[in-house]
1. Being in a loop (DSSP other than H, G, I, E, B) and within 20 Å of Arg144 (Cβ to Cβ) is the filter here; which residues of the range 86-130 pass it?
2. Anything in the range 150-175 that is closer than 25 Å to Ser56 by Cβ and either in contact with a His (Cβ under 7 Å, 6 or more places away or on another chain) or without any contact (Cβ under 8 Å) to a residue 12 or more places away in the chain (or both)? List them, or say none.
3. Please tell me if Gly118 is of a type in the set (Gly, Ala, Ser) and out of contact with any strand residue (DSSP E or B) (no Cβ under 6 Å at 6 or more places or on another chain).
4. Would it be correct to say that Ile75 is modelled with pLDDT under 95, over 30 Å from Arg157 (Cβ atoms) and crowded, with 18+ Cβ neighbours inside 10 Å?
5. Restricting to the range 40-57, what's the tally of residues that are in a loop (DSSP other than H, G, I, E, B), among the hydrophobic types (A, V, I, L, M, F, W, C) and buried (at least 17 other Cβ atoms within 10 Å of the Cβ)?
6. Which of the strands (runs of 3 or more DSSP E) contained wholly in the range 177-233 include at least 1 residues that are in contact (Cβ under 8 Å) with a residue 60 or more places away in the chain?
7. Six or more apart or on different chains, Cβ under 8 Å: which pairs go from a residue in the range 81-110 that's under 24 Å from Arg194 (Cα atoms) and among the aromatic types (Phe, Trp, Tyr) to one that's outside any loop (DSSP other than H, G, I, E, B) and open to solvent by 30 Å² or more (accessible area, probe 1.4 Å)? Could you list them?
Amino acid sequence: MPIRLQGTPIVPVCVVLVFMAVFALPHEVTADEPGWRLIGTEGPPPRHSPGMVYDSARNVVVMFGGITGREREGILYGDTWEWDGVEWKKAADTGPSPRLGHSMVYDSRRQVVVLFGGNDGNFQNDTWEWDGTEWKLAATDGPRPRGRHSMAYDQERGVVVLFGGIPRDLGDTWEWDGVEWRQAAGSGPEGRSRSAMVYDEAAHRIILFGGRSQDGAALGDTWAWDGKEWTRLDESTEFAHSRHGMVYHRKRGTIVAHGVSFNGRNEMIEWDGTKWKRIDTAVLSSRI
């Protein structure tokens, strides 16, 4: 894939934070009307497909990498930025190679951000950890090289869970305990990429939703991982999504998803543990 590595930005990007990261911030944002608000216009250069996660110990959103432009012609980034609720600050220029399509989660027990895989011109399977000061290479084995996979942190069991990705729309499940990767399951949801996963604190399990199937179709099924097996919870295709973000809303005890919708609507939906439903952004005025 003939993509260029990061260059000097010409103009700053108008930053609207991804909702799955912003909702986790402890800073209360006030406005006359609840819902989406532009809260920053300066910071990292324009990009898509970075990794982004909330560090709950340091109260910052951490972002790494991504690409600007079309994937075959764009500039890859290998910079690390942090958002403290007020402004962006560049935290590092070194660490993993510039890439896109990687996944990042926050390990609250070990208080590190975990990054796996992605595409820097080739699919990678390296594991990195960010402690707020520097990136450290943690492993170079485990799951096969991939990108566009899903990861979530299981707070109760203290492991990172990884599922799927490309190439070949993988359908394997792996877990990282901070020392090594182990394959946890070879069956479950059909192979896919661009899905989303999050830990459901109320149900004590990982929830996976949506993604893109091997034939390119959008998926709307919902699955749960309890550390031993996958269980299908919902088979509806009404809310089929891909490349979306998800977050657990602690106050409401629900999971909120937002992003690309293949039914023609840019909608926000909510999982109550049984089913998905459309929601008005106004109901999200209460913070997590």
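1. Of everything in the range 86-130, those that are in a loop (DSSP other than H, G, I, E, B) and within 20 Å of Arg144 (Cβ to Cβ) turn out to be Pro96, Ser97, Arg99, Gly101, His102, Asp120, Gly121, Asn122.
2. Passing the criteria: Glu156, Leu162, Phe163.
3. So Gly118 does not fit the description; no.
4. Spelling it out, Ile75 is indeed modelled with pLDDT under 95, over 30 Å from Arg157 (Cβ atoms) and crowded, with 18+ Cβ neighbours inside 10 Å.
5. The number of residues fulfilling the criteria is 0.
6. Filter on the range 177-233 gives 196-200, 205-212, 218-225.
7. So the pair list comes out as Trp81/Lys89; Trp81/Lys90; Trp81/Ala91; Tyr106/Tyr54.
Each row is one residue, and each column tells you yes or no for (1) closer than 23 Å to Thr173 by Cβ; (2) open to solvent by less than 20 Å² (accessible area, probe 1.4 Å).
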site: Asn59; (1), (2): no, no
site: Gly65; (1), (2): no, yes
site: Asp93; (1), (2): no, no
site: Arg146; (1), (2): yes, yes
site: Ala152; (1), (2): yes, yes
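The values are calculated or read from the model by the stated rules, or taken from the named source; none is laboratory data. Note that the coordinates shown come from a computational prediction; the quantities given were computed from them, not determined experimentally. All Cβ positions, even for glycine, are placed from backbone atoms using ideal geometry, and neighbour counts span all protein chains on display. Only protein heavy atoms, including side chains, enter the accessible area calculation; ligands, DNA and RNA are left aside. Shrake-Rupley method; radii C 1.70, N 1.55, O 1.52, S 1.80 Å.
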